[in-house]
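Chemist: Structure incoming, see below.
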Amino acid sequence: MTAQIIDGKSLAQKICSDLKQKISALNGNIPCLAVILVGDDEASRIYVRNKQKKAAEVGIDCHIIELSDSIGENALLETIDELNNNPEVNGIIVQLPLPQHLDTQKIIARISPDKDVDGFTPYNSGLLSSNNPDAFVSATPKGVLAMLQSINVNLCGKHAVVIGRSQIVGRPMGKLLLNHDCTVTITHSHTVDLPSITKTADIIVSACGQPQMIKSSWIKDGAIIIDVGINRTDGKLCGDIDFDDVKNKASYITPVPGGVGPMTIAMLLANTFEAFSRQKSHPQHHCCHGHDCHCSK
């Protein structure tokens with residue numbers, strides 16, 4: 001058996017093509033995404049440039065706000081407040097990681113839930129936990145779900161093992177799969193005897209950042225393998241899965257590159273369009289949903 005490839009690149013292109021059609025029908029009233037980039041981290045700059053390029057391709061206006069890595073926390077919070085209050089801005093993301101002197105959770109929590117197209121605020125995380133359809137779902141987990149749906153797998157009752165528990169991928173991924181009736185196990189760096197758990201999985205979603213850690217001996221025949229990891233070894237990109245070893249045992253597998261990565265950007269843009277559509281349907285300002293408000297209404 002050789003696993004079928006889940007081609008994230010072509011699926012992302014289809015999603016972006018559909019978005020472009022919808023946006024072109026807006027007669028110039030286009031969505032706007034604001035990206036806050038703090039400091040000079042080269043990897044972050046590359047990610048942001050890729051987002052800006054893809055946004056332009058579908059017709060989304062993407063503004064990059066570049067700030068010094070020495071910026072104070074209050075100044076950064078004020079920048080977010082200004083974007084929250086700007087009716088021309090539909091989506092806001094803060095490129096992570098932030099410099100160590102900044103409280104990441106506090107910064108993210110300041111973003112209006114209505115403009116939180118990364119889905120990282122406590123409000124949207126809570127909506128996802130309660131299976132509320134109004135939640136903005138983090139782009140990577142949302143992309144993974146779309147990839148699983150593209151192969152028409154019936155998720156109901158499947159045992160899904162998520163490797164990694166980050167706020168960006170692991171935790172929201174687990175919630176999303178649970179909301180789609182999977183039986184979910186979330187594992188992490190302190191999990192004892194990880195292979196004994198992954199061998200019981202119908203679906204494995206790995207986001208642990210360990211190059212080619214997962215071998216064929218770790219999985220059962222016919223498992224679906226989603227590789228979120230992006231690692232660089234000997235100058236080449238690879239995932240958390242030993243692709244060449246695992247591909248002869250899995251039923252489906254995602255490549256690195258060309259798998260989850262393109263889907264993440266596509267889903268971020270889809271969330272931005274969704275935020276735009278909601279705000280145009282309900283133009284009144286209600287960003288704080290009854291929480292302590294830092295916005296000037």
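The values are calculated or read from the model by the stated rules, or taken from the named source; none is laboratory data. Remember, it's a predicted structure, so these values are computed and weren't measured experimentally. Note: ideal-geometry Cβ built from the backbone for every residue, glycine included; neighbour counts use all protein chains shown.
Chemist: Applying the selection to the range 111-148, what residues are touching an Asp or Glu at 6+ places or on another chain (Cβ under 7 Å) and in contact (Cβ under 8 Å) with a residue 60 or more places away in the chain?
Modeler: Passing the criteria: 136, 139.
Chemist: Do we find that residue 55 is assigned by TED's automatic domain parsing to the domain that holds residue 107, in contact with a Cys (Cβ under 9 Å, 6 or more places away or on another chain) and under 17 Å from residue 98 (Cβ atoms) in this structure?
Modeler: No; evaluated as a whole, the condition is false for this residue.
Chemist: Could you look through the range 231-282, keep only residues that are without any contact (Cβ under 8 Å) to a residue 60 or more places away in the chain and of a type in the set (S, T, N, Q), and pick out the one that is farthest from residue 205 (Cα to Cα)?
Modeler: Of everything passing the filter in the range 231-282, 281 is farthest from residue 205 (Cα to Cα).
Chemist: So residue 56 fits all but one of (1) within 30 Å of residue 18 (Cα to Cα); (2) not in a helix (DSSP H, G or I); what number is the exception?
Modeler: So residue 56 meets the others, but not (2).
Chemist: Considering the range 167-176 alone, what residues qualify as being surrounded by 18 or more Cβ atoms within 10 Å (Cβ to Cβ) and either free of Cβ contacts under 8 Å to residues at least 60 places away in the same chain or assigned to a strand (DSSP E or B) (or both)?
Modeler: Once the filter is applied, which keeps residues that are surrounded by 18 or more Cβ atoms within 10 Å (Cβ to Cβ) and either free of Cβ contacts under 8 Å to residues at least 60 places away in the same chain or assigned to a strand (DSSP E or B) (or both), the range 167-176 yields 169, 170, 171, 172, 173, 174, 175, 176.
Chemist: Which of the numbered conditions does residue 88 fail, given that it passes all the others? Conditions: (1) charged (D, E, K, R); (2) in contact (Cβ under 8 Å) with a residue 60 or more places away in the chain; (3) surrounded by fewer than 20 Cβ atoms within 10 Å (Cβ to Cβ).
Modeler: (2)
Chemist: Here's a follow-up. When you look at residue 155, is it surrounded by 15 or more Cβ atoms within 10 Å (Cβ to Cβ), in contact with a Cys (Cβ under 6 Å, 6 or more places away or on another chain) and either in contact (Cβ under 8 Å) with a residue 12 or more places away in the chain or outside the structural domain of residue 242 (by TED's automatic domain parsing) (or both), yes or no?
Modeler: The answer is yes for residue 155.
Chemist: Same structure, new question: Taking residue 40 and the conditions (1) among the charged types (D, E, K, R); (2) in contact (Cβ under 8 Å) with a residue 60 or more places away in the chain; (3) outside any helix (DSSP H, G or I), which numbered condition does it fall short on, given that it satisfies the others?
Modeler: (2)
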